[in-house]
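Right, one structure below, let's go through it.
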């Protein structure tokens, strides 16, 4: 299983009781069988010309109200996060991991290289961050940053947490003892999984990775909307729906009215910039004229 999907699955499956987990196992088994037996569905999910968000939406539309919420989240995340060709295999692996956890009560994390281990921790973070308000992201960043500096600056603490030969229970226990009740519950879970799913010698590095990861995740959940005129409730709902479909995330709007845009909207989310303003279109026309593209186009039409 790809590390990011493994981390996401660990976050969701690891907190379920046996009854709910059994339902998830049944749902994932049924979906796996359906994908294997339905060539049309398999073709859509493995089509490299379809975006990852669109693949996730296909499964969401297909499975909503037909499987448990956790099975739905796992399936959609798998469709969105793995390469198209690997979607069917990833669904099979999800079903296998869930069944193994139900039977044995254990979720085994194999040793990984540094970058792959960080991707696994990132997947775990994705599952938790999807469940909380964007306003909480800043406090989680602060918690993780302070914990990283505490580990970095305390030789005794660093020696235990970074000792790969020290019992896992001892490292997890110390993390919980020092943080529980003092940080956001999501921060605690991420700090614990840094020990459980990351590399022992990379605890501080993984914590710093998570600080940046949470900040980037926040950027993709807040759309900064610059508009020449106020947007009514209907326009805001339509814009949120479009951005949710584009990013696969629950997007919040931060709206600023700027009359000098003349008309339309400018949306900035993550590293994506969508300029549909009148001023933007006039600027593009001005650049085209300056480069001679408009004149050349007109001459060609006359020919």
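Does residue 24 qualify as being crowded, with 20+ Cβ neighbours inside 10 Å and not in a helix (DSSP H, G or I)? Before you say what the answer is, go through the steps one by one.
Working: crowded, with 20+ Cβ neighbours inside 10 Å: yes; not in a helix (DSSP H, G or I): no.
In short, no.
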Residue 126 surrounded by 16 or more Cβ atoms within 10 Å (Cβ to Cβ) and over 15 Å from the mean Cα position of the chain (by Cα):
no
Mind telling me which of the residues 241, 181, 173 ends up being without any contact (Cβ under 8 Å) to a residue 40 or more places away in the chain, closer than 25 Å to residue 8 by Cα, more than 17 Å from the chain's Cα centre (by Cα) and in the same structural domain as residue 272 (by TED's automatic domain parsing)?
241
All conditions in (1) at pLDDT 75 or above; (2) in a strand (DSSP E or B); (3) surrounded by fewer than 16 Cβ atoms within 10 Å (Cβ to Cβ) are true of residue 223 except (3)
Checked pairs for the stretch 58-70, first assigned by TED's automatic domain parsing to the domain that holds residue 24 and touching a residue at least 24 places away in the same chain (Cβ under 8 Å), second surrounded by 13 or more Cβ atoms within 10 Å (Cβ to Cβ) and outside any helix (DSSP H, G or I), C-beta under 9 Å and 6 or more apart or across chains, list as 70/16
Residue among 173, 181 that alone is more than 23 Å from residue 107 (Cβ to Cβ) and out of contact with any strand residue (DSSP E or B) (no Cβ under 6 Å at 6 or more places or on another chain)
181
Evaluation of residue 100 against (1) modelled with pLDDT of 90 or more; (2) buried (at least 16 other Cβ atoms within 10 Å of the Cβ); (3) over 20 Å from the mean Cα position of the chain (by Cα) (one fails), failing number:
(2)
How many residues does the stretch 31-62 contain that are surrounded by 14 or more Cβ atoms within 10 Å (Cβ to Cβ) and part of a helix (DSSP H, G or I)?
18
Quick check on residue 212: is it within 30 Å of residue 53 (Cα to Cα) and free of Cβ contacts under 8 Å to residues at least 24 places away in the same chain?
yes
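The values are calculated or read from the model by the stated rules, or taken from the named source; none is laboratory data. Model, not experiment: these values are computed from the prediction. Positions of Cβ are generated from backbone atoms using ideal geometry, with glycine treated the same way; all protein chains shown enter the neighbour counts.
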